Each structure stands twice: as structure tokens, then as C-alpha cells.
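Before any comments, here is the structure.
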Amino acid sequence: MNKRTILVGSLAFSILFGKAQKPKNKAFKVRETEVELLYNHYIQDGDNSAVTGGEGTERLIVYGPSFGLKKTFGKNGINFQLGADIISSASTDNIDRVQSSASRLDARSYTNLGYSRYFEKSKSSISIGLSGSIESDYFSFGKYLGWTKTSKSDMQTYSAELQVFNDDLRWGRLDDGFLSEPQFLIYPVELRFQEWYDEYKRDSYNLNLGFTQVLDQRNTIGIFTALSLQKGLLATPFHRIFFTDNTRAVEQLPDQRQKLAISLKWNTFTSGGVILRNKIAGYTDDFGILGLTIDNETAIKLSPKWTLLPSARYYIQQGSKYFAAKGEHDANETYYTSDYDLSSINSLTIGMGWRHWPAVRKNRGLHSFSIQYFYYSRSNGLRAHTLATSFNFLKKKALKEKRPKRRNKN
Amino acid sequence: MLFIGGFFGSCATSLKPYERQYINDPEMSMFGANGTKFQQYVNTIREGSLAAEGKKGSGGCGCN
């Protein structure tokens, strides 16, 4: 019997006495902190400004930095966001037709704070949160309550969220320092001889429902609906209306609006490392607006660290029954708007970006970085460019298990 | 109803942890990352409609 046979035989015999490592029967707990630094830059131009009755420059630039923090500790989680949109708008300057006025540059600051709690037994979570935003002519206070549940098999998820926003459209909060007393609704300069509305508040109630189903190892579908009810002052006080008889007024819209949106999504991970996120969505409301969206976002995994992000979106909208172009409204109408956002339009958005994961397995430091560019083109001539950048930092820390105290045998 | 029942009936009933590597990929999320969320926000301002799966509903700003 040669040495090789003895060695192999000994090894094979020793397997009979081998014991597998005992699995740990205690849950592995991780404390996770995620910080997200975002910067969004938006430029648009067009020639159908509602401030000047449906004709006029819509040139606008938005500088949008924001900071986000998410922290999970055990079954609890908190999230916080603070951001600002610094807005330079040529059309806003036409409210009072004064060049380089205070209205040319505006800022919208916003924040939100949320808490969530996960319940292991039912595989569900509850979340609550508050939000606030303020700009020179708008103040909003929001609250939300959310619920999500995952099925026992982890193949389905159900979600529901109720949002309530209580908004105030009066101008003046940023006029004399920060959080000054609001003063009045701001109308176009030549139309300030009377009060056009008897309301300055706007309340919005939104119910968002969602359901996702994992079909197989590479496919997931989702169905989402959103119902919204808005009450109060829904028009924009500084939007002008030009009638057929050459008289003028400010925009008038009903004091209630009901909206319904539904979207179907299908995400698929193809065999070539390409992920397709497809969506078709519909919208309707009682202003007479109908909308249809077809959307695709693709993620092309060039490597574990680099992902390319092309996207395309087509949208078509039947306009509101209250819309007409400049000079086409009859003065006897009850409701009227020349805001082309509510008109019959179609739009195309194409985008390209990339995402980078510096280290695939890393428990602290820069987790990912992404940059995306979108070009938006609307049928009435509005063009817009968006540049969105995001730096995501992640820190994970395993919580030490508490060792049971040893009993003193003596 | 039969079509919907048959469609969901043909889905896998469960997946083992090692079979979820594609489903759990971050790019397979139903909700977009920052760039997509911001562009969705732009769309709700520049168009008269509402995004069904967006986190942000109506209200909270002087837009639609």
C-alpha cells in the first residue's frame, strides 16, 4: 500500500469524526448611519409665463443643495433632511415689473423629520413624520403617517401613507429677516386695487397605496395609486389673465380639486447585467386633466463599481377645461387660467448618468456617488436641464452581544 | 379575475436567500435614487399631474 493511498484513506476516515461549527442562534444587530449630500441644479427657459398671462420669459435657475441623515438602531430609525432651493426667476420679476427687485431672487428652505419602528413578528413597520417649507410667498406645514408590511415569504410588500399639508400663500415671511408675520397675498402690480380672493390657505390630503410582488429571481412588479384632495386657494395670486375684451384679472380656479394617479412598474434584471425599470402611469382630476406616462430607467452594470444610468420618459397630457391662451378667455367665465403647466402638452425627457461604488464591501466612508443629467423638452417650447449629484456616506457598526454573567459556584 | 389569479399563481411562491441576489440589488428598487426623485419633482411642477409612487404628493409648495 503506497503513501498516497494511506494519506487519502486517512483523510476520508477522519471525515466520520468531523463536526460542523454550531450556528449562532442569536440575531446579528447592526447600527447604521447614512449621510447623503445632494446638489441639484435646474435651468429652464420658455416663452409662456403665466405671470405675464401666458406669453413671456420663463427663464429660471434653481440651485438646490440638501443634506440628509438616516440612522437605524435596532428596530428604530430616524431620518432628517434639510435643504434649500435658491431660485432666480425672470418671470417672478414681472410681478411688479421692477428690474433687480427683491422678487428676482427667492429661496425656499425645507426640512423634514421622521421616525420609524419595525415590528419583527408581523414584519411590518410604522412611520411618522413632520415637514416644513418656507419661501417669501409660501409656507407649508406637513405631517405623514405610513405603514408597510412584508409577507412571510418576503415575496410581497404592502404600503400605505397618509400625508396632510397645511399651506399659507401670503407673502412677507422673509421680508424683514426670518419668520416675519405674513402680510398679504401678492397680486400683479396693476391689479392691487382689490382683494381677488377671500381665502389665503391651501390644504392637501394625499393617500398613497402600494403593492409589490416578486415574480421570480429576476423580476418584480409593483402597483401604486395616489389619491389627492386639495381645498382652499388653488390658484396662484400673481398669475395674470388677459380677456378677449382687453381687460385683465388674476387667475381663478375652483376651491377644490380631486386627483387620482395610478402606476404599474416592472423591474427586471436581465442576464447581461442590465436592469430595466419600466413604468406606465395614468392620471386624472376634476380640472379635466388626463395624463399618460411611459418611462424607462436602465442601469447598465459595467463592473461591480460602475453603473451607467440612461433613461427616457414620454408624457402626454390633455389640458384643463379652465385653460386658454393669452387673450382667449371670456370675462364672463367663472374659472380661468393661462398656466401652460395645465394645458394640452406632451413632453420628452432623456437622461444619462453614472453611479460609482468606491468599495463594494466597506463599513464606513463614501458608499456611493452618482451624477445624472436630464434634458426636458415640452411641446410648447419649454426646455429644461437638470443636473443631480449625490454623495452617500455609510457607517455600519455591529452591536456587541451582551455576555451572560457567570454564576459564582462558591 | 381568472387571468390575474393565473398570473400571480404562476409566480414563484418563495425564494431562498441565495436566490435573491438579483432582486436585492439596489438598482432593482421600485423607488429611484436622488436624481430620479428630483426629476420627478420637476415633472410634477411643470405638468398638471401627480406621480403615483412618488413620496411627495400634492401640496407643500406653490406648484401643482
Checklist entry - Can you name every residue in segment A:284-303 that is part of a loop (DSSP other than H, G, I, E, B) and within 11 Å of another protein chain (Cβ to nearest Cβ)? => result A:287, A:288, A:289
Checklist outcome for this item: Of the residues in segment A:236-264, those that are surrounded by 22 or more Cβ atoms within 10 Å (Cβ to Cβ) and hydrophobic (A, V, I, L, M, F, W, C) come to A:238, A:241, A:261
Checklist entry - So, in segment B:18-53, of the ones that are modelled with pLDDT of 90 or more and of a type in the set (Asp, Glu), which residue ends up surrounded by the fewest Cβ atoms within 10 Å (Cβ to Cβ)? => result B:19
Checklist entry - Exactly one of (1) in contact (Cβ under 8 Å) with a residue 40 or more places away in the chain; (2) more than 11 Å from every other protein chain (Cβ to nearest Cβ); (3) over 28 Å from residue A:348 (Cβ atoms) is unmet by residue A:251. Its number? => result (3)
Checklist entry - Looking at segment A:265-294, which of the residues that are surrounded by 21 or more Cβ atoms within 10 Å (Cβ to Cβ) and among the hydrophobic types (A, V, I, L, M, F, W, C) is nearest to residue A:307 (Cα to Cα)? => result A:275
Item to check | Matching entry among A:280, A:241, A:275, A:221 (being more than 10 Å from chain B (Cβ to nearest Cβ), farther than 30 Å from residue A:327 by Cβ and part of a strand (DSSP E or B)) | outcome: A:280
Checklist entry - Mind checking whether some residue in segment A:318-331 is within 22 Å of the chain's Cα centre (by Cα) and either within 9 Å of another protein chain (Cβ to nearest Cβ) or of a type in the set (S, T, N, Q) (or both)? => result no
Checklist outcome for this item: Picking from A:151, A:66, the residue that is surrounded by 14 or more Cβ atoms within 10 Å (Cβ to Cβ) and more than 30 Å from residue A:380 (Cα to Cα) would be A:66
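Considering every residue within segment A:337-353, establish whether at least one is assigned to a loop (DSSP other than H, G, I, E, B) and modelled with pLDDT under 95.
no
The values are calculated or read from the model by the stated rules, or taken from the named source; none is laboratory data. Quick caveat, the model's predicted, so the values are computed rather than measured. Positions of Cβ are backbone-derived with ideal geometry, glycine not excepted, and every protein chain shown enters the neighbour counts.
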